[in-house]
1. Answer with yes or no whether residue 159 is under 20 Å from the mean Cα position of the chain (by Cα) and surrounded by 18 or more Cβ atoms within 10 Å (Cβ to Cβ).
2. Residues in the stretch 70-87 that are under 24 Å from the mean Cα position of the chain (by Cα) and part of a helix (DSSP H, G or I): how many?
3. Which condition number does residue 90 fail, the rest of (1) under 19 Å from the mean Cα position of the chain (by Cα); (2) surrounded by 13 or more Cβ atoms within 10 Å (Cβ to Cβ); (3) in a helix (DSSP H, G or I); (4) among the hydrophobic types (A, V, I, L, M, F, W, C) being met?
4. Name, by its number, the condition in (1) modelled with pLDDT under 90; (2) in a loop (DSSP other than H, G, I, E, B); (3) in contact with a strand residue (DSSP E or B) (Cβ under 6 Å, 6 or more places away or on another chain) that does not hold for residue 42.
5. Can you work out which of the residues in the stretch 137-156 that are more than 14 Å from the chain's Cα centre (by Cα) and either hydroxyl-bearing (Ser, Thr, Tyr) or modelled with pLDDT of 90 or more (or both) is surrounded by the most Cβ atoms within 10 Å (Cβ to Cβ)?
6. When you check residue 13 against the structure, is it in a helix (DSSP H, G or I) and touching a helix residue (DSSP H, G or I) at 6+ places or on another chain (Cβ under 9 Å), yes or no?
7. Output the number of the condition that residue 212 fails; it satisfies all remaining conditions of (1) in contact with a Ser or Thr (Cβ under 8 Å, 6 or more places away or on another chain); (2) farther than 19 Å from residue 2 by Cβ.
8. Only one residue in 27, 71, 84, 20 is more than 30 Å from residue 210 (Cα to Cα) and surrounded by 12 or more Cβ atoms within 10 Å (Cβ to Cβ). Which one?
Amino acid sequence: MLETLVPQWTLVERRLEDLAPAGFVIALNLRNMFPELYHSGFPEEWTETYTKNRYALFDPMLAWIALNTGAVRWSEISMLGREATATRVMTRAAEIGLRFGAMVVVRDERAANRKSFISVARGDRELTDKEIGEVAELFEAVRAEVFASGGLELRELQVLGALASGQTHEEAAENLGVSKGTIKKRLESARVKLAARNGTHAVAVALHRGLVALSGGQKW
């Protein structure tokens, strides 16, 4: 979805890959630690290992995100009394190539109880202060583009994007992990914000404004 919402995404992604050759992840608008938009460029092996072993329960980075904002290197994050389990997560990450990294966590202006973050990784060395600063600038540029999307919530854009790609309400509900009723509510909310006559018109308006794409390449 970032390809649709961020006009210069290809350039941003390329620069992030230079700064973080081991991968990066972006999570926007977290509610109870679940993001509305998630983009991962981490190795598939790490994603599968993380999910299979339920590392989210022990990940010291998630604990830091919940309690803090700002920039921090992975190596500077306290294990918060969970040294054994947290060390297991970080050791496994290093084995896969994610040895060094940094995060930038910000609180969203539109909703004080929500946060967004970017986490980047290298396998060879720590990121410099200058590099972390550039990551923060790139992340802010991404956030600015995403949150300038006609006042629409990311979840509303997800529904519009799904329908624009040809999915039915039932298919969109299944793919987004929500009920058909939720799809209808989000579509109606988007319709009002876009001043559209109906749901079909809302999708057309979103396409015309470049808020969603017709098909392919979107990462929910």
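The values are calculated or read from the model by the stated rules, or taken from the named source; none is laboratory data. All of these numbers come straight from a predicted model, not from anything done at the bench. No Cβ is skipped: glycine too gets one built from the backbone with ideal geometry, and neighbour counts run over all protein chains shown.
1. yes
2. Qualifying residue count, the stretch 70-87: 4.
3. Failed condition: (1).
4. (1)
5. First, the residues of the stretch 137-156 that are more than 14 Å from the chain's Cα centre (by Cα): 137, 148-152, 156.
Checking the rest, the ones that are also either hydroxyl-bearing (Ser, Thr, Tyr) or modelled with pLDDT of 90 or more (or both) come to 137, 149, 156.
Working: 137: 12, 149: 21, 156: 25.
Filtering first and then ranking leaves 156.
6. Numbers: in a helix (DSSP H, G or I): yes; touching a helix residue (DSSP H, G or I) at 6+ places or on another chain (Cβ under 9 Å): yes.
Considered against the rule, which asks whether it is in a helix (DSSP H, G or I) and touching a helix residue (DSSP H, G or I) at 6+ places or on another chain (Cβ under 9 Å), residue 13 comes out as yes.
7. Against the list (1) in contact with a Ser or Thr (Cβ under 8 Å, 6 or more places away or on another chain); (2) farther than 19 Å from residue 2 by Cβ, residue 212 comes up short only on (2).
8. Working: 27 fails: more than 30 Å from residue 210 (Cα to Cα); 84 fails: surrounded by 12 or more Cβ atoms within 10 Å (Cβ to Cβ); 20 fails: more than 30 Å from residue 210 (Cα to Cα).
Criteria check complete, one pass: 71.
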